[in-house]
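In what follows, a structure is listed as structure tokens, so that the remarks can point back to it.
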Amino acid sequence: MEDYVTHIKKQISEWGSRRFVIVAHSLGGVLALKLASELSESLAGCIAVGAAIPKNGGSFLSIMPFPKRILLSAILRTMSTKPPKSAIRAGLCNDISPDQATEIVQGFIPEAVRVYTDRANVLIPDIPKLYVKLTMDKEISPSLQNQMILNFTPQSVRTLDTGHLPMISDPDGLMVILEEFMENMR
């Protein structure tokens with residue numbers, strides 16, 4: 001996780017911006033927590049879009065219900081972080097076109113195992129926060145997202161009737177929500 005965070009911090013510094021908002025999706029929620037704690041003086045807000053937000057000291061794996069956590073842990077140790085094509089289609093691509101799903105499946109790049117297992121021992125800074133709940137998400141279910149919302153303690157929650165990839169299935173709807181968040185910060 002540290003390598004990912006270091007790389008993202010380098011990208012942020014190259015922007016030359018004094019203030020920024022983190023928009024985190026899925027597994028990126030764990031990275032966002034770490035970034036937010038390390039860059040709190042520059043951080044203007046944080047938006048979690050169907051994101052994994054573990055309790056302080058938790059990992060991505062820790063957010064999963066017990067049976068799925070055990071199964072996923074075993075899979076990560078023995079196989080890799082690239083699920084079978086059928087699982088990617090069913091979980092990530094349930095509300096996008098077959099052509100878009102094929103592109104996602106073909107372009108899927110596995111992550112480092114430790115991004116899933118490393119613990120984020122951080123507190124969320126006192127900044128404006130928004131959680132975008134994805135009501136048709138098959139990867140991080142709406143009920144699991146309810147727990148992420150409790151962990152994140154956002155000032156507001158918005159919903160999108162999409163699966164796990166709203167930036168593909170409803171980019172305009174997601175854009176409206178992001179723009180409204182930015183407008184409300186001014």
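Of the numbered conditions (1) touching a Cys at 6+ places or on another chain (Cβ under 7 Å); (2) without any contact (Cβ under 8 Å) to a residue 40 or more places away in the chain, Ile104 fails exactly one; give the number of that condition.
Here Ile104 clears every test but (2).
Tell me yes or no: at least one residue of region 129-146 is under 29 Å from Ala44 (Cα atoms), β-branched (Val, Ile, Thr) and loosely packed, with under 14 Cβ neighbours inside 10 Å.
yes
So which residues in region 34-60 are of a type outside the set (Gly, Ala, Ser), in contact with a Leu (Cβ under 6 Å, 6 or more places away or on another chain) and not in a loop (DSSP other than H, G, I, E, B), if there are any at all?
Ile47
If I filter region 2-26 down to residues being exposed (fewer than 10 other Cβ atoms within 10 Å of the Cβ) and basic (Lys, Arg), which single residue comes out as nearest to Pro125 (Cα to Cα)?
Once the filter is applied, the top-ranked residue is Arg18.
How many residues are surrounded by fewer than 12 Cβ atoms within 10 Å (Cβ to Cβ) and within 28 Å of Asn56 (Cα to Cα) when one looks only at region 81-109?
Residues in region 81-109 being surrounded by fewer than 12 Cβ atoms within 10 Å (Cβ to Cβ) and within 28 Å of Asn56 (Cα to Cα): 1 in total.
Looking only at region 162-186, how many residues end up being over 29 Å from Val122 (Cα atoms) and either surrounded by fewer than 13 Cβ atoms within 10 Å (Cβ to Cβ) or basic (Lys, Arg) (or both)?
Of the residues in region 162-186, 2 are over 29 Å from Val122 (Cα atoms) and either surrounded by fewer than 13 Cβ atoms within 10 Å (Cβ to Cβ) or basic (Lys, Arg) (or both).
How about region 41-78: which of its residues are over 17 Å from Glu139 (Cβ atoms) and either touching a Lys or Arg at 6+ places or on another chain (Cβ under 8 Å) or touching a residue at least 60 places away in the same chain (Cβ under 8 Å) (or both)?
Ser42, Leu43, Ala44, Gly45, Cys46, Ile47, Lys55, Asn56, Gly57, Gly58
Mind checking which residues of region 112-128 are loosely packed, with under 14 Cβ neighbours inside 10 Å and either touching a Cys at 6+ places or on another chain (Cβ under 8 Å) or of a type in the set (Asp, Glu) (or both)?
Asp126 - this is the single residue of region 112-128 that is loosely packed, with under 14 Cβ neighbours inside 10 Å and either touching a Cys at 6+ places or on another chain (Cβ under 8 Å) or of a type in the set (Asp, Glu) (or both).
In this structure, does Ile124 turn out to be at pLDDT 90 or above and not in a helix (DSSP H, G or I)?
Against the criterion (at pLDDT 90 or above and not in a helix (DSSP H, G or I)), Ile124 does not qualify.
The values are calculated or read from the model by the stated rules, or taken from the named source; none is laboratory data. Fair warning: this is a prediction, and the values are worked out from it, not measured in the lab. When we count neighbours, we look across all protein chains shown, and the Cβ atoms used for this are built from the backbone with ideal geometry, even at glycine.
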